[in-house]
Structure formats: structure tokens, C-alpha cells
1. Can you pull out every residue in the stretch 246-292 that is assigned to a loop (DSSP other than H, G, I, E, B), charged (D, E, K, R) and away from ligand 2 (no atom under 16 Å from the Cβ)?
2. Select from the stretch 120-157 the residues that are among the aliphatic types (A, V, I, L, M), under 13 Å from the mean Cα position of the chain (by Cα) and not in a loop (DSSP other than H, G, I, E, B) and list them in ascending order.
3. Looking at the stretch 175-239, what strands (runs of 3 or more DSSP E) fall wholly within it and have at least 3 residues that are without any contact (Cβ under 8 Å) to a residue 40 or more places away in the chain and among the polar types (S, T, N, Q)?
4. For residue 13, all conditions in the list (1) buried (at least 18 other Cβ atoms within 10 Å of the Cβ); (2) within 15 Å of ligand 1 (Cβ to nearest atom) hold save one; what is the number of the exception?
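Please treat every number below as a calculation from the coordinates, not as lab data. Worth saying up front: this structure is predicted, and the values here are computed from it rather than measured. All Cβ positions, glycine included, derive from the backbone under ideal geometry; neighbour counts span all protein chains shown.
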Amino acid sequence: MLVTQQPVLRKFWYAVMEMSKLDAGPQPFMLLGENIVLWKKSDGTPAAARDRCCHRTAKLSKGYVEGDNIVCGYHGWQYDCSGACVKIPQFTNEKIPPGARIDTYRCQEKFGYVWVALDEPLVPVMDTPEEGNPEYRRIHQFDEAWNTGALRLMENSFDTAHFSFVHKGTFGQFEQPKPEFFDIRETDYGFEAETIITINNPPQSHRITGSTEPTTKRHFKNQWHLPFMRRLGLVYPSGIHHTIFTCATPIDDRRIQIIQWLYRNDTEEQCPAALLNEWDVKVVAEDKVILESVDADAPVDVSRLAEEHMKSDRPGIIMRKRLLALLKEHGEKEVFSQAA
Ligand code: FES
Ligand SMILES: [Fe+2]
């Protein structure tokens, strides 16, 4: 699926960067192929607009912020959050032409990230019970660009058969390649998939799992939220809750920004955030190598889809079915760069 060619995907909120990045001034981001500029207003909330000055097309992300407004670094034209040009420094008494404006986008802060919707969103950004709950801490994990498709990362997030191979260097059991399968319940937002998986528990992950046994179990409640976000609730036998949010924010048809954060019901003393991130960076780097090798927009092989010969592919098949239904509902056809 060429995500930039499917207008309905513009009607969702996407996490684009950590809010704290805006402290350094306006920042550029590409979302679904569109260049946007993000900045922080005087009340601390974020704003987003097209990253293109309407005077001589300079990128506004090269400019600066004044009060609530973004100022072009080329000749100083200034735009408010509605996109109207409110100041042209070279003018003295002349009226600013009404056509002098830029497109703006819906923008908000949530979970410490800036979220943007290019068009009127179909659903709000989800809530989660861990946020604001004093029993949990929130830990930022990654914010980086990968050369893969958004749907590829989502499929991978629900693919139990890759653990033994891709993650043989961390938690995967290479000698036991037969995967556990998810029980899948479809929901309005996508689906929830549940299973219990046995994992290797090397010394580096003892404080993460809360166990010193050589293997332990992970109870997965893994939610897929249309189109490209997942919430993975993991519970270990030790009683530790480890809830991961992963956003595959589509930069364009072949690149995503992977943004991931985590909630834990333990303390920094029990398991330092640096240790959690060091381990997860290792695990996710294993996924990155393989996901950057796959075709970003090739559809799932239709013969496999018919046979469902690997039950571990079912979540990916349901994702595709739901995405196709979404396109149909909005009068769109799926666009590919190549034939199935
Ligand atoms: S190009 Fe932006 S003010 Fe001239
Ligand atoms: Fe993985």
C-alpha cells in the first residue's frame, strides 16, 4: 500500500516527535509525504503548518518562533497558528494581502509527544490507564527513522513466528521455532491479540522480567490501533507490567518514524530506564535489520492469504482486511507500486 496515495490515512493522529525537541526552535517533519513545520507556542502547546513560506517558498523550519507565531528566516514574514500572515516587516502602511497564508494542521501534545493529523481525524488519540497513574512510570524509548513501510512494522509487531529467528540473540528460542498463536478479538479500533509465550531470560534481562530463571513467560495483550499503532501490554509471572506503545508514523511510502515509549509498574531502583532501553535497543535493532530488507509496500501473498497456512500471519492478514475495508468505506482503492 502506497500510504501517501490513500487520502483516508490523513484522517488519523500520528505521533511525530518528542515534545521536548521543540525547545530548540521550529522542527521539520515529513508526514505522509508532506513537509510540515512544528513549533511551540507561548502557552507551551505545539502548532503545525506546511513547511513552506508563501512568499518565496523557504522552509519555515529554518526560521524562528516569536510568541505564538512562526517567522520565516528568509525575509521575516510572520504567520499565526491559523496560518494567516500577520506581519511583513518590509511593509509600513501597506495591507497584508488576504491570500498571504499557509496551511495549518491539527496538532496536540499527548504522552510527551507531538501528534499531528493532516485532515479532520476520524478518532481521537487513544487513552491508556497507565498514563498519569502513580503506580506507573513512563519511559521514552526510541524516535528514529527506518527504511520500511508502516504496515510492515505493524505486521511484525504481531508475528510470533519471527521471535525464534530474528530475536535468537536476545529472547527468542531458536531451538523451538513453533510459534504460539494469538487469540484475536476484533474491535472498533482494530483488534486485541492475546497469548502466552515462553522466552529466554539471559542475565541482562533479569531485572526487566523480574526473574532469574533461564526462561520465563510473557503474557501478551497486544492491541493494534488502526492504522499504524500498537499497544503491547506484557505481564510477567513476577507481577511486572511492561506496556509498550509503538507508532509506525509514515514519513512517506518507504520510510517510517518509529516512536516507542513504555510504562512499568516498578521503580527506577528496581530496573533503571537505561537498562530497559539498552535491552530494547538491542531487541529492536534485530527487527530493524530484517524490516529494512523487506519490500515496503508489497501486499501479503494471496495464496498464503487464502490458505492461512501460517497462523502466525493471521494478525497481518486481518490488518490488511481492515485497512482495505477502511479504504472502501471512504471510496478509495488500494494503490501499489507493483503487482501482487
Ligand atoms: S521566503 Fe519567506 S519571507 Fe520570503
Ligand atoms: Fe521483533
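1. 252, 253, 254, 255, 266, 268, 269
2. Of everything in the stretch 120-157, those that are among the aliphatic types (A, V, I, L, M), under 13 Å from the mean Cα position of the chain (by Cα) and not in a loop (DSSP other than H, G, I, E, B) turn out to be 145, 150, 151, 153, 154.
3. Strands (runs of 3 or more DSSP E) meeting the threshold: 190-200.
4. Every condition holds for residue 13 apart from (2).
Conditions tested, residue by residue: (1) away from ligand 2 (no atom under 16 Å from the Cβ); (2) without any contact (Cβ under 8 Å) to a residue 12 or more places away in the chain; (3) surrounded by 16 or more Cβ atoms within 10 Å (Cβ to Cβ).
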residue: 117; (1), (2), (3): yes, no, yes
residue: 129; (1), (2), (3): yes, yes, no
residue: 141; (1), (2), (3): no, no, yes
residue: 147; (1), (2), (3): yes, no, no
residue: 153; (1), (2), (3): no, no, yes
residue: 156; (1), (2), (3): no, no, yes
